[in-house]
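J.: Handing you this structure, nothing more for now.
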Amino acid sequence: MKILYVTSEANPYAASGGLGDVLGALPITVAEDNPDAEVSVIMPLYDTMKEIYRKQLVKVKDISFKYSWRDSGASIFKIQNGKVTYYFVENHRYFERGKLYGEFDDAERFAFFSLAVVEYMIQTGNVPDILHANDWQTALTVVYLKTRFASMKELSGIRTVYTIHNIEYQGKFDSRILGDIFALDGYAGVLEYNGCINLMKGAITVSDFITTVSPNYAFELHHDFFAFGLADVIHNSAAKLKGVINGIDYNYFSPEKGGDIEYPYSKENVSEGKRKNKLAFQKEVGLPENADIPLVVMITRLATQKGIDLVAAIIEELLREDIQFVILGTGETEYENMFKALEASHPNLKALIKFDRVISKKMYASADIFVMPSKSEPCGLAQMIACSYGTVPVVRAVGGLFDSIKPYGSEGENGFTFDNYNAHELLFTVKRALDVYKDKDAWNSLVMKAKISDFSWGISAAKYMKIYNKLLEW
Ligand code: ADP
């Protein structure tokens, strides 16, 4: 089976978030677990790619094609990463911007990329059995295959899978773009929605199968609160929708290997390892060194989606407890300023306003409680990473948080959960965790259960394989 993943980002070549993590890990696991599968990934070649990877690029082919009324072209490169071939589409004009997204012509840039993927298949004859596209940036690949190129014999055997990583970002653009940029004037019905072009809506509609990144999020997407206007579209496609939860990279986030943390530890010495890391971390950030005091942390984008307003509402009350609280995050200025101000008036709070992977690992290793009160959460990786370090998550039971964290006292317990988007439910749930923390036996047992929760990619990769196999039976 030939599988081609189409994406705008993949670790370690270019990543801005969860999408990059998934496309850096899922294809590798699929290839390793299925020796008969020929797995490749295709993505843009950004100027932000690190030199060590740039040096590995091997030229495959130059292609030229008509992009709407424009004469255009791209160079295709590749890097062999274990069993997976990563292909890169180079175009100086579109992908040398010093960043991945947020440009005035993003629609044109990613439509170009999507078309280049189709042209690459046609011009090289390297045609997959499964084409798996992701998020709005690559939605047009599926749309092109099912519309303009639908009658092309050499492409007609391709089955398409489209994954929604976050429905909040749909790729909405002015309708005039349809002909001038996409050359899809005849297909307005596929892409138009609520008076504009909606790329995600197009891919959901025409793709052979759609997935999203957790079973519970797949269920939630039927409701407008979560679907950002696409609930009806999801509803109409329900028969071909499945939620498959993401995994985490246990090589990268590994208390056993250490690397970025001072005292590596395993499940055999988790409490001792965490105590030592806690003391080192307290010293590093200027908190009183005390291994017994519960260390409560958050590592998050400071965005409304992450439930920061709930934290804001109860933080003063929470800080009256005998705890230390550290937040690592960047995002909305209002929240950054709020935590900075709190730090100035509360000696038991530290606000680390930056994006820093090394510090994040030190925090996962030294914290006792990890707070994640999201308003919505397609999958969420941070709660799984916390578990792998034996840090007990307190989460709102929403999206993938519901699927991955089971409440204390229930079967499969590995954390604490609350249901309603209510600040005091959050506060009382953290307080409940603090109560259990005082009972050392109960706490250590819960820490162990969190630590051994299995969030590896193998199970999810097998689920995707099952979907691919089913599609090929048609
Ligand atoms: P999202 O993709 O919505 O931001 P996830 O929980 O899926 O949320 O993934 C967040 C990832 O980003 C986790 O690996 C988390 O550790 C990391 N992260 C978030 N904020 C920071 C930060 N300020 N510094 C370092 N890592 C961060």
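The values are calculated or read from the model by the stated rules, or taken from the named source; none is laboratory data. As the structure is a prediction and not an experimental result, all values here were calculated from the model. Glycine also receives a Cβ, built like all others from the backbone with ideal geometry; neighbour counts cover every protein chain displayed. All accessible areas refer to the heavy atoms of the entire protein, side chains included, with ligands and DNA or RNA removed. Shrake-Rupley method; radii C 1.70, N 1.55, O 1.52, S 1.80 Å.
J.: At 0.36 nm per residue, minus the direct Cα-Cα distance, what do ASP36 and ALA303 gain on full extension? Give it in nm, one decimal, please.
T.: Result: 91.9 nm gained on full extension.
J.: Need one number: nm distance between label points at ALA344 and ILE459, each 7 Å from Cα along Cα→Cβ, rounded to one decimal.
T.: About 4.7 nm, to one decimal.
J.: Which shape class applies to the stretch 135-286: rounded if a/c is under 1.5, otherwise prolate when a/b exceeds b/c and oblate if not, where a ≥ b ≥ c are the square roots of the Cα gyration tensor eigenvalues?
T.: Prolate shape, in that a/c is at least 1.5 and a/b is the bigger ratio.
J.: What is the spread of the Cα atoms of the stretch 168-224 along each of their three principal axes, largest first, in whole Å?
T.: Here the spans come out as 39, 22, 15 Å, largest first.
J.: Kindly provide the helix-only [θ] at 222 nm of the chain, computed as the sum of -39,500 (n - 2.57) over DSSP H runs of four or more divided by all residues, to the nearest 500 deg cm²/dmol? Intermediate values should be presented prior to the final figure.
T.: Values: 20 runs with 191 residues, N = 474.
The helix contribution divided over the chain gives -11500 deg cm²/dmol.
J.: Now for a different question. With only Lys, Arg, Asp and Glu charged, each at its Cβ (+1 for the first two, -1 for the last two), find how big the charge dipole of the chain is about the Cα centre; round to the nearest 20 debye.
T.: Roughly 840 debye for the chain.
J.: Based on the Cβ-Cβ distance of SER16 and THR124, what FRET efficiency does E = 1/(1 + (r/R0)^6) give at R0 = 30 Å, to the nearest 0.05?
T.: In this case the efficiency is close to 0.55.
J.: Express in nm, to one decimal, how much length is gained between GLU289 and ARG97 on full extension, taking 0.36 nm for each residue of separation and deducting their alpha carbon distance.
T.: Once the chain is fully extended between GLU289 and ARG97, it gains 64.6 nm.
J.: Compute the Cα gyration tensor for the stretch 274-342, then decide on rounded, prolate or oblate, letting a ≥ b ≥ c be the square roots of its eigenvalues: rounded whenever a/c is under 1.5, prolate when a/b is larger than b/c in the other cases, and oblate in all that remain. Present the calculation step by step, with values, prior to reporting the outcome.
T.: On the way: a/c = 2.26, a/b = 1.73, b/c = 1.31.
It comes out prolate by the Cα gyration axes.
J.: In whole percent, how big is the carbon plus sulfur part of the accessible area of the chain, probe 1.4 Å, protein atoms only?
T.: 50
J.: Under a straight-distance cross-link criterion of Cα-Cα below 27 Å, which lysines are reachable from LYS153, leaving out those fewer than 8 residues away in the same chain?
T.: LYS2, LYS61, LYS66, LYS78, LYS201, LYS240, LYS466, LYS470
J.: So what are the ³J(HN,Hα) numbers for the stretch 89-99, from phi and the Karplus equation (6.51, -1.76, 1.60; θ = phi - 60°), rounded to whole Hz, Gly and Pro as x?
T.: Each residue's phi maps through the Karplus curve to give 9, 9, 8, 4, 5, 8, 10, 10, 10, x, 7 Hz.
J.: In sequence order, what are the phi-derived ³J(HN,Hα) couplings for the stretch 59-74 according to the Karplus relation 6.51 cos²θ - 1.76 cosθ + 1.60 with θ = phi - 60°, rounded to whole Hz, with x for glycine and proline?
T.: Those phi angles translate into 5, 9, 5, 9, 10, 10, 7, 8, 10, 6, 8, 8, 7, 9, x, 7 Hz.
J.: With a ≥ b ≥ c taken as the square roots of the eigenvalues of the C-alpha gyration tensor of the stretch 385-456, please select rounded if a/c is under 1.5 and otherwise prolate if a/b is larger than b/c or oblate if it is not? Numbers along the way, then the final one.
T.: Numbers: a/c = 2.03, a/b = 1.12, b/c = 1.81.
It is oblate, given that a/c is not under 1.5 and a/b is not larger than b/c.
J.: Give me the distance in nm between label points sitting 7 Å out from Cα along the Cα-to-Cβ direction at VAL358 and LYS440, one decimal.
T.: A separation of 3.4 nm, rounded to one decimal place.
J.: Report, in whole Å, the centroid distance computed from the Cα atoms of the stretch 307-382 and the stretch 198-225.
T.: 31
J.: Tally the DSSP beta bridges in the stretch 38-111 and give the antiparallel ones as a percent, rounded to 5. Intermediate values should be presented prior to the final figure.
T.: Details: 16 of 21 bridges.
Once the DSSP bridges in the stretch 38-111 are tallied, antiparallel ones form about 75 percent.
J.: Using square roots of five times the C-alpha gyration tensor eigenvalues, list the equivalent-ellipsoid semi-axes of the chain in whole Å, biggest first.
T.: After scaling each eigenvalue by five and taking roots: 41, 23, 21 Å.
J.: Pop out the ³J(HN,Hα) list for the stretch 101-112 in order, Karplus 6.51 cos²θ - 1.76 cosθ + 1.60 with θ = phi - 60°, rounded to Hz; leave Gly and Pro as x.
T.: 10, x, 9, 4, 10, 4, 4, 5, 5, 7, 5, 4
J.: Under the Kirkwood approximation for Rh and a Cα-based Rg, what ratio Rg/Rh is obtained for the stretch 267-454? Write out the running numbers ahead of the final one.
T.: On the way: Rg = 14.9 Å, Rh = 16.2 Å.
The Rg/Rh ratio comes out at 0.92.
J.: If you don't mind, there's one more thing I want to ask. On average, how much accessible surface per residue is there in the chain, in Å², for a 1.4 Å probe, leaving out ligands, DNA and RNA?
T.: Solvent-accessible surface per residue comes out at 40 Å².
J.: Check which residues have an amide H placed less than 5 Å from SER214's amide H, if you skip close sequence neighbours.
T.: Long-range HN contacts for SER214: VAL244.
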